[in-house]
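Engineer: So that we are looking at the same thing, I have put the structure below in structure tokens.
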Amino acid sequence: MKVGIIGLPGSGKSTIFQALVQQGKEIVQKGQNRIGTVRVPDVRVDELRSRYPRGKTIYAQVEYFLPGVLGHKKENIYDQKIWPRIRENDALIFVVRNFSGLGLPDPTPARDFNQLDQELVFADLVVLEKRLERLLLDKKRGVKKNPEELNLLMECQKFLDNGMPLRKSPELPTSRLLKGYAFVSAKPILVLFNNEDEDDQLPEIENLTSSEDCMVIRGKLEQELSQMPDEEAKEFLKEFNIPASAMTRVIKRSYTLLGLLSFFTVGSDEVKAWTIKAGTKAIDAAGAIHSDIKKGFIRAEVLSYEDLMDAGNYQEAKKRGTLRLEGKNYIVMDGDIIEFRFNI
């Protein structure tokens, strides 16, 4: 899973990035892009590892991308050259300032959110208008193109021209003909309100907190927390009434936002978590591991994590009948432990 982090200058997005990737403060050049990869915390993987201690343990991973900002302009915060890299992400995090400070104006979270949203709309319009210009020129020249693509793009243009992000009309950008455009305004977003240290409440913003996926984060506290030893961090969480670290909470919310789940493969040599979309069939889950496994798929031996814990081991689970044989159309569930049988 890849998640891009964007925000206006002074929003604290670098602090949030450091908290999420558990990185200390560092000096970076102006405009420098930053990437951090963290493993997805999962107690199920930890438990499975304790049962197969000799092999490797591979957790699911999240890659966070923080694009560099070249200046402090009020409009077009991000240079057009960076948008192709932002488009590669599965979802976006908006970091919105909701704290005051010496020399800072009062926070304006609603206005800041709207400015970020319009950045996405403008970036998509640039791509769309170039493509429309080319398609219309080809049409005049008599070059045959799929008319459905042109119609879909013109529908998208209506939305964008009205300042509406394409995620408000998800059926448009998810069309097979438009998937390659990777419109940024169509991506799922998580709005992180970066609050004061003592403030753990969402700001009251009509038509925003009810229509978008929002959560509060206290950036400075979370950045400090990410650098603490485990025992000290536990006390810190309790003192400031923080249910879990920013990394854990944001990852969990991102999984929900994207409709993701984890299944596991286990053996004497490896315990590994795999991330797939909810609703994925067994044959496609096999393909997430290797194309040859999908190609030669025979069946899947499936045992839920809960059933394994109840039984204590594979042999007992088999006796109880909770180890099942499933075909290629079986819908993989969160926590399934799967061994794929295949022949190539």
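Taken together, the values in this text are just the output of simple stated rules run on the coordinates, not laboratory data. Owing to the predicted nature of the structure, the values given are computational and were not obtained by experimental measurement. Because the Cβ atoms are built from the backbone with ideal geometry, glycine has one as well, and the counts that use them run over all protein chains shown.
Engineer: Over the Cα atoms of the range 105-150, what is the Rg over Rh ratio if Rh follows Kirkwood?
Structural biologist: Details: Rg = 17.4 Å, Rh = 13.0 Å.
Result: Rg/Rh = 1.34.
Engineer: State to the nearest 20 debye the size of the charge dipole of the chain about its Cα centre, where the only charges are +1 on K and R beta carbons and -1 on D and E beta carbons. Please report the intermediate quantities before stating the final value.
Structural biologist: On the way: 51 positive and 51 negative charges, 391 e Å.
Value, rounded to 20: 1880 debye.
Engineer: Continuing with this model, one more query. Summing -39500 (n - 2.57) over the DSSP H runs of n ≥ 4 in the chain and dividing by its residue number, what mean residue ellipticity at 222 nm do you reach, to the nearest 500 deg cm²/dmol? List each step's numbers first, then the result.
Structural biologist: Numbers: 12 runs with 128 residues, N = 344.
Computed ellipticity for the chain at 222 nm equals -11000 deg cm²/dmol.
Engineer: Name the residue, out of 60, 285, 317, whose mean-square fluctuation peaks in a Gaussian network model built on the chain with Cα pairs under 10 Å.
Structural biologist: 317
Engineer: Next question. Can you tell me, using C-alpha contacts under 8 Å and at least 6 residues apart, the relative contact order of the chain as a whole percent? Let's see the in-between values first.
Structural biologist: Details: 575 pairs, mean separation 64.8, N = 344.
Reported relative contact order: 19 percent.
Engineer: With Rg and the Kirkwood Rh both taken from Cα atoms, where does Rg over Rh land for the chain? It would help to have the intermediate numbers written out before the result.
Structural biologist: Numbers: Rg = 23.1 Å, Rh = 22.7 Å.
Here Rg/Rh amounts to 1.02.
Engineer: At a 10 angstrom cut-off on C-beta neighbours, averaged per residue, how do the peptides 44-54, 111-121 rank from highest to lowest? Working shown, then result.
Structural biologist: Values: 44-54: 14.2, 111-121: 18.6.
Result, highest mean first: 111-121, 44-54.
Engineer: While we're here: Just order 225-238, 146-159 by mean Cβ neighbour count inside 10 Å, highest at the front, would you?
Structural biologist: Working: 225-238: 12.6, 146-159: 15.6.
The peptides rank, most packed first, as 146-159, 225-238.
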